[in-house]
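Q: Below are the structure tokens for one structure; questions will follow.
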Amino acid sequence: MHDLKALRADPERFEAALARRGLPRAFDAVLEADKALRTIQTLLQADLARRNDLSKAIGAAMTRGAHAEAEALRAEVAALKDRIAAAEAAEAGAVARVEALASQLPNLPADDVPDGLDEAGNVEVKRWGEPRAGGLEHDALAARLGWDPEAAARLAGARFAVLSGGLARLHRALGQFMLDQHVAAGWQERAVPLLVREAAMFGTAQLPKFRDDQFETVDGRWLIPTAEVSLTNLVRETILDEAQLPMRLTALTPCFRREAGAAGRDTRGLIRQHQFEKVELVTICTPEQAEAEQARMVEAAEGVLEALGLPYRRMLLCAGDMGFAARRTFDLEVWLPGAGVFREISSISWCGDFQARRMDARFRAKGEKGTRFVHTLNGSGVAVGRALVAVLENFQEPDGSVIVPPPLLPYMGGLERLTPEA
RNA sequence: GGAGAGGUGGCAGAGUGGUCGAAUGCGGCGGUCUCGAAAACCGUUAUGGGUGCAAGCCCAUCGAGGGUUCGAAUCCCUCCCUCUCCGCCA
């Protein structure tokens, strides 16, 4: 959600930022609705003040025993009633209009975010490792190592997976390894709900705009599309002490996505599933800390890939390719030699106070009187399903077996190599 | 799922229709005292919004949303949450 006071003060800055995302002017309408709301509020509040005065006068007259006077005042205030009721209804409508408009508008890109309307505008800022070429794609490898898409389809439908034996273990090892690595680096582990209220989904801005991408339950809860929702909303409606910041949180959870807009894309293999696991990093911090914290998160995510020996590149996303809540996003793309492409495996976003406003998450700075909104950041550290894909393709042998990367060995129960089933 | 109790300021805890945004205590902040500190004493201490150049004035908020009333922390309804007992359950 945007700061309406800041918007009133400099609407052109907001419109310009929106234009960088390739979107048409939209803040004019917000300002107009906001103006209408404040006009209604001013009139309503004057009537409320009048009613309060009269009511007090009635009370005073009653205690004095001046019943005739009280009755006269009562008649006077009765005339106000209808007007107040109408104004209250109008106010509620105006508030709803402002929120409906404002909650649909994405965050403003940071100044250092490059121009561009789609992924073609993204800028590569770092490359690590030596991509090897060739080999099989992960689906061909996985099909021989314990991946059963037919069984998954029978029980759950398309875009679900059943993994067996060593492959399942490798998948589990990846998640455990990542989580342990982040905890060792100072991130606090959380085990969190996978089903959340609508308000939580609104807080991190999955709702209302991206309703079609989410799974809703029959009792009005939502399956999290990422642990970002659960971890970030841990601070919703709270006022933190500055000393508690930064809060660096991590969790390993399943994630659920409808993939409504992705029909026909990545239908083969394990790349795009309705359910997948991800280790998430979330940082809650002060505005001053945000810059350094994003760098730390990128480092943490890259540390996972580097420990595993997976070549990657870091992309700075352009304005038009960023997510709704982000001010600046780095994507990490892992090299897949079988497919011969770099594939997104992590996305690390600084959201400024955009989510904090929607959640009402604030902090009290030492020596300052009021409260300020926290900044939120989130990043994958990293996507477990896609890491499995990357390990398969990068560590495959000519015979179709896959060597277990050394950091995962402690989790593999002695298994050092996945071997195709005859 | 059944029965009951309850949600008030940073915390504890009064308040059951009329100057209640809310007593009191604790905590926090400022001050007096002190070489310094403690104690004691004095003062101060919510959030959001509207309006105004400003000082200020005004509105809203006692879990959330509705309702009754001239007037609601107080009465009624719905929902959320917490606790106790019973049932069920990984």
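Q: Give the residue that is surrounded by the fewest Cβ atoms within 10 Å (Cβ to Cβ), with candidates limited to residues of the stretch A:48-57 that are of a type in the set (A, V, I, L, M) and at pLDDT 90 or above.
A: Only one residue fits best here, namely A:Ala49.
Q: Consider A:Ala133 against the criteria (1) among the aliphatic types (A, V, I, L, M); (2) at pLDDT 95 or above; (3) assigned by TED's automatic domain parsing to the domain that holds A:Arg386: it satisfies all of them except one. Which criterion is unmet?
A: Only one criterion is unmet by A:Ala133, namely (2).
Q: Additional query: Name every residue in the stretch A:157-215 that is part of a strand (DSSP E or B) and of a type outside the set (Asp, Glu), in order of residue number.
A: Hits for the stretch A:157-215 are A:Leu163, A:Gln188, A:Leu195, A:Val196.
Q: For the stretch A:255-268, does any single residue satisfy the condition of being in contact (Cβ under 8 Å) with a residue 12 or more places away in the chain, surrounded by fewer than 24 Cβ atoms within 10 Å (Cβ to Cβ), among the aromatic types (Phe, Trp, Tyr) and in contact with a strand residue (DSSP E or B) (Cβ under 8 Å, 6 or more places away or on another chain)?
A: Looking through the stretch A:255-268, at least one residue is in contact (Cβ under 8 Å) with a residue 12 or more places away in the chain, surrounded by fewer than 24 Cβ atoms within 10 Å (Cβ to Cβ), among the aromatic types (Phe, Trp, Tyr) and in contact with a strand residue (DSSP E or B) (Cβ under 8 Å, 6 or more places away or on another chain).
Q: Just to be sure I understand, how many residues within the stretch A:51-62 are near RNA strand B (Cβ under 7 Å from one of its atoms) and more than 55 Å from the chain's Cα centre (by Cα)?
A: 1
Q: Six or more apart or on different chains, Cβ under 6 Å: which pairs go from a residue in the stretch A:60-81 that's farther than 15 Å from A:Leu48 by Cα and without any contact (Cβ under 8 Å) to a residue 12 or more places away in the chain to one that's more than 7 Å from RNA strand B (Cβ to nearest atom) and assigned to a helix (DSSP H, G or I)? Could you list them?
A: Taking only residues 6 or more apart or on different chains, the pairs are A:Met62/A:Ala70; A:Glu69/A:Ala61.
Q: So for the stretch A:79-89 (the condition being of a type in the set (D, E, K, R), near RNA strand B (Cβ under 7 Å from one of its atoms) and in contact with a Lys or Arg (Cβ under 9 Å, 6 or more places away or on another chain)), does at least one residue qualify?
A: Yes.
Q: Now a separate question. If A:His67 passes every condition in (1) surrounded by fewer than 14 Cβ atoms within 10 Å (Cβ to Cβ); (2) within 8 Å of RNA strand B (Cβ to nearest atom); (3) not small (Gly, Ala, Ser) but one, which one does it miss?
A: Of the numbered conditions (1) surrounded by fewer than 14 Cβ atoms within 10 Å (Cβ to Cβ); (2) within 8 Å of RNA strand B (Cβ to nearest atom); (3) not small (Gly, Ala, Ser), the odd one out for A:His67 is (2).
Q: Taking the stretch A:281-290, which residues are out of contact with any Gly (no Cβ under 9 Å at 6 or more places or on another chain) and touching a residue at least 24 places away in the same chain (Cβ under 8 Å)?
A: A:Ile284, A:Cys285, A:Thr286, A:Gln289
Q: Would you say A:Gly186 is in contact with a Lys or Arg (Cβ under 8 Å, 6 or more places away or on another chain), among the small types (Gly, Ala, Ser) and surrounded by fewer than 21 Cβ atoms within 10 Å (Cβ to Cβ)?
A: Considered against the rule, which asks whether it is in contact with a Lys or Arg (Cβ under 8 Å, 6 or more places away or on another chain), among the small types (Gly, Ala, Ser) and surrounded by fewer than 21 Cβ atoms within 10 Å (Cβ to Cβ), A:Gly186 comes out as yes.
Q: Scan the stretch A:1-49 for residues that are in contact with a Leu (Cβ under 8 Å, 6 or more places away or on another chain), within 16 Å of RNA strand B (Cβ to nearest atom) and charged (D, E, K, R) and report the count.
A: Qualifying residue count for the region: 3.
Q: Which of the residues belonging to the stretch A:275-293 are modelled with pLDDT of 95 or more and either in a loop (DSSP other than H, G, I, E, B) or under 21 Å from A:Ala184 (Cβ atoms) (or both)?
A: Correct list: A:Glu277, A:Lys278, A:Val279, A:Glu280, A:Leu281, A:Val282, A:Thr283, A:Ala292, A:Glu293.
Q: I want to confirm something. Restricting to the stretch A:216-249 and keeping residues that are surrounded by fewer than 18 Cβ atoms within 10 Å (Cβ to Cβ) and assigned to a loop (DSSP other than H, G, I, E, B), which single residue is modelled with the highest pLDDT?
A: Checked the stretch A:216-249; the qualifying residue modelled with the highest pLDDT is A:Pro246.
The values are calculated or read from the model by the stated rules, or taken from the named source; none is laboratory data. Source: prediction; values computed, not measured. Positions of Cβ are generated from backbone atoms using ideal geometry, with glycine treated the same way; all protein chains shown enter the neighbour counts.
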